[in-house]
Every structure is written in structure tokens, then in C-alpha cells.
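Encoded as C-alpha cells, the structure appears first; notes follow it.
Bear in mind that the values in this text are calculations on the coordinates, not laboratory data. What you see is a predicted model, and the numbers here were worked out from it, not measured in a lab. In this analysis, Cβ positions are derived from the backbone assuming ideal geometry, glycine residues included, and neighbour counts consider all displayed protein chains.
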Amino acid sequence: MAAETYAVPHAIQSPCPDAVVVNKINVISSSVVIHNSRKFHVLTTCQGFANQWQIRIHYYWYKRQRERCEASGACDMGGFTRILHSGQPDDLMDEVPTLVVDKLPDAALKDSFYVVLNRPFAFQQWLKKVSIPERYVLMAEADHLFLRPMPNMMAGEAPGAALFTYINPDQYGSIVRKFVGDVSDEEVKKIPRIGNSPTMLSVEDLRSLASVWYTVTMGIFNDDEAHKAWNWVLEMYGYALATYMQKQHVGLKTYENFLAHPPWDKKEVTEKGEPFYLLHLTYPMKYNASGGLTEKDEEIVWKFDKRLYMENPPPRNLAQPPETVKSDLARLIISMFNEATDTIPCWDRYVSDKVVTTKC
């Protein structure tokens with residue numbers, strides 16, 4: 001069956017339609033029925049307080065979109081697990097389905113703050129400890145917002161993944177060959193431009209991939225040349241190389257519309273009119289009075305940056321950007337945050353005392 005068979009978008013409806021200024025979305029329909037056997041389980045890795053408040057909003061919007069998905073009939077969105085790789089339970093255990101796993105030993109991290117290195121180690125432990133009814137998984141991150149009901153994005157049994165244009169293995173042939181062997185330039189070009197998140201694949205494929213992903217990632221981390229070249233995305237390169245080494249790149253489908261990256265993406269759809277399914281909160285958004293992006297503090301009239309909330313969660317009722325800011329996604333982020341923080345119990349207490357409670 002053709003890869004596109006399973007990439008069937010739901011009819012498009014903004015999660016917060018009042019938030020957008022320009023919302024000309026192409027409604028894409030299909031006669032293909034997605035069967036329940038295609039259900040996927042969401043796996044989101046976390047560690048640290050900043051991840052904690054993000055996962056609360058992330059999980060809120062996962063549940064909202066799954067409700068919409070199930071109401072529409074055939075729905076591929078299955079269960080959810082937070083993989084907490086701190087080694088210790090926290091006060092979200094009753095709110096978010098969670099598996100606690102060990103973090104990497106300090107000796108392996110070499111005093112590094114590169115927490116992402118825990119991901120492949122965490123997934124190895126999840127595979128050993130947990131059995132799920134779904135055959136497929138979506139690996140996600142706490143700073144992803146679910147924008148709409150999501151279908152199984154895999155190409156049959158081959159993985160489906162977000163395309164990352166800054167992952168370019170073919171520009172580092174000599175480094176790549178340290179890990180995949182003495183392959184031709186043509187083979188290097190076959191290494192997919194992906195990371196582990198967001199990626200959908202079968203549990204079976206994840207099981208065969210996880211140990212290779214871990215080994216390659218640690219190899220990159222400990223190799224001075226590779227570490228310097230790939231730095232904060234070295235774990236993504238580790239996943240891409242492992243995917244190639246396990247031949248899971250064969251048939252793999254990448255999507256530009258899997259993940260939106262504001263402020264560079266401004267609308268809920270790509271330039272081709274394809275709906276984004278997830279939104280990544282990774283980049284700061286800083287705008288000047290004319291609605292342009294700026295890095296000059298004296299020019300900033302509105303900004304949103306998750307890093308402003310490393311110590312304390314964002315408060316309720318965040319202010320929308322001014323009308324000069326022509327970004328639907330900037331408004332959508334604020335609307336989605338405000339809905340979540342209004343609905344999650346006792347958010348004001350959470351902001352003031354960092355206490356997760358339903359009694360306030």
C-alpha cells in the first residue's frame with residue numbers, strides 16, 4: 001500500500017479559532033478509513049521542573065485533541081505515558097500517566113547539563129518495564145502542543161517523522177562514517193534528516209532500535225569531533241544514524257507539517273496548505289512595535305519564551321500580542337496556554353507555591 005494511504009489529515013479546525021487573525025485552512029478530506037489497529041501510544045520524556053509545567057499543558061491538549069478525535073469516529077490516538085527519567089516520582093503521578101525510570105549515571109554525563117542524553121536510556125527502560133495494547137508509538141516532547149486530532153503518520157509499517165532541515169548528515173561524511181562504517185556518499189545521503197521526536201514507529205522497531213540509538217548517541221557524546229560538530233542536537237544525529245544502521249530509513253516518510261516552529265512558522269498550515277499537527281515551543285518570540293522580530297531588548301513590545309519560566313510556571317491570562325504581530329501561531333499559543341491554565345485545577349496555587357493540588 002502506498003505510504004500516503006495512512007497520512008490522512010482530519011478535517012481542519014483550529015483548537016482556538018478565536019485566536020487567529022488569518023485562518024485560511026485547506027480542508028483535506030479522504031475516503032480512506034483509518035482502522036483502530038493503527039492506534040499509537042504517546043511517549044513523552046521529561047525531567048526537571050520546567051518540563052513539569054510544560055507536560056501539564058502538553059497532556060491537557062493531548063486529551064482535548066483525543067476527545068475530538070474519538071468524537072469524529074475512527075481515531076488513531078491511543079494512550080499516553082510520561083517517561084520521567086529523574087529516578088524519583090513527583091507530585092504529577094496522579095494527574096499524568098507516568099513511568100519513572102533511572103537517569104543516566106553522573107559518570108556517563110561527565111558533569112554535562114545535556115539532559116536530552118537521558119532519552120535513549122529512558123526508552124530502553126520503558127521497553128523492558130511496560131507492555132501496551134497499541135502496536136505503534138509517537139515519541140514526543142513536553143514542549144509540543146497538540147494542535148488537532150492526529151492520524152497515524154507512518155508509511156504502512158515504516159516510520160513517519162518530522163523533517164528537520166538543520167539535521168544534515170551528508171555535510172559530515174567523515175564523522176558519520178565513524179559510527180555507520182565506511183559507506184559511500186550515496187549511502188550517507190540516505191540517512192534521514194530526523195530526530196527521535198516527533199517520530200512514529202512500531203513498538204517492534206523501537207525495540208530493535210533503542211540499544212543502537214543509545215550506543216551511537218553515547219559514542220557521539222564521547223567523541224570530541226562529533227560532539228563539537230553536533231552539540232545540542234547530537235542526540236538527534238544519534239537517532240538518525242541508528243535509524244539508518246537498523247535499515248529503518250527504508251520507506252520512512254518525513255513531513256514538513258508534522259511540527260510547527262514559531263516564530264518562523266506563522267500559520268496553522270504550511271505554505272502548501274497542509275495542517276500542522278504539533279507545535280514546538282522551542283524558539284523565543286520577540287516582536288517590536290511594527291510587528292517585526294527583534295533581539296534588541298529596548299525594542300521588544302511583546303515576547304513569549306518558555307525559558308522565562310524555568311523556575312516558576314507561567315501565570316494564567318497571558319497577554320496576547322498586539323495587532324501589529326501578524327502571527328496566527330503566536331496568538332494560538334497564548335490562547336492554548338490560557339485555556340489550559342484556566343482549566344487545570346488550582347493553577348494559581350501552582351504558580352505561587354509550585355504545589356500540584358486539586359484543593360485550593
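What the table shows:
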read-out	value
Excluding exposed DSSP-loop trypsin sites (Lys or Arg not before Pro) (at most 12 other C-beta within 10 Å), longest clean stretch of the chain	25-109
The stretch 37-260: antiparallel DSSP beta bridges as a percent of all, rounded to 5	30 percent
Efficiency of FRET between Glu187 and Asp106 - r from beta-carbon atoms, R0 41 angstrom, step 0.05	0.65
Shape metrics for the chain, restricted to C-alpha atoms - Rg then Dmax, Å	20.3, 63
GluC sites (Glu not before Pro) within the stretch 278-360, DSSP loop, no more than 12 other Cβ atoms inside 10 Å	Glu295, Glu311, Glu323
The chain: DSSP helices with Cα axial extent of at least 18 Å and average Kyte-Doolittle hydropathy no lower than 0.0	203-222, 328-343
Greater than 26 Å apart at Cα, pairs in Lys306/Lys354; Lys129/Lys354; Lys190/Lys286; Lys110/Lys228; Lys128/Lys253	Lys129/Lys354; Lys190/Lys286; Lys128/Lys253
Exposure rule at most 13 other beta-carbon atoms within 10 Å, DSSP loop chymotrypsin sites (Phe, Trp or Tyr not before Pro): the chain longest free segment	1-112
